[in-house]
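Read-outs throughout are calculated quantities, based only on the coordinates presented, and are distinct from any laboratory measurement. The structure presented is a predicted model; accordingly, all values stated were derived computationally and were not measured. Quick reminder, even Gly has a Cβ in these numbers, built from the backbone with ideal geometry, and neighbours come from all protein chains shown.
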Amino acid sequence: MAFVIDKTAELIFLQKALSFIKFQSEDYEAHYLAVSPYSGDLLRRVHDELSDYYKSSRADHQTQFGRIEAVPHYLAGLRTHLSHIDNWSTLTKEVQMSAILDLAAPFTIDQQTLDQLIASV
């Protein structure tokens, strides 16, 4: 199935909505969407599609997302989502790590931060 969005304004809207859900929403139910690997992948694809638009309109546009630690309020949003995972303490370390990586995507996350998050939730 193909769904085509060919208007820049619609892509920007989608990018902002995905970023809000993944990194800024404190709503309990938002963590179900934020932790999904699909949300990070879709955000990356929308960002890539808008890359030429941003390059032409913003001199400071970065083509890569970089480290989530560089955006403290996004890292805080990730922590909020983690606190909403009710069975966190029963998950294996590998599953916890995978959940954190999915929440951080498309950003990268330092190993030290990853370890701190696993230990602190």
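Considering only residues of region 61-85 that are of a type in the set (V, I, T) and within 16 Å of Q24 (Cβ to Cβ), which is surrounded by the fewest Cβ atoms within 10 Å (Cβ to Cβ)?
Narrowing region 61-85 to residues of a type in the set (V, I, T): 63, 68, 71, 80, 85.
Next cut, within 16 Å of Q24 (Cβ to Cβ) only: 68, 71, 80.
Details: I68: 22, V71: 16, T80: 18.
For region 61-85, the residue satisfying everything is V71.
Of all the helices (runs of 4 or more DSSP H) wholly in region 1-116, which have at least 3 residues that are free of Cβ contacts under 8 Å to residues at least 12 places away in the same chain? Reasoning before the result, please.
Details: elements: 8-23, 30-34, 37-57, 72-83, 93-104.
Output list reads 8-23, 37-57, 93-104.
Do you know which residues across region 22-43 are surrounded by 21 or more Cβ atoms within 10 Å (Cβ to Cβ) and of a type outside the set (G, A, S)?
Passing the criteria: K22, F23, H31, V35, L43.
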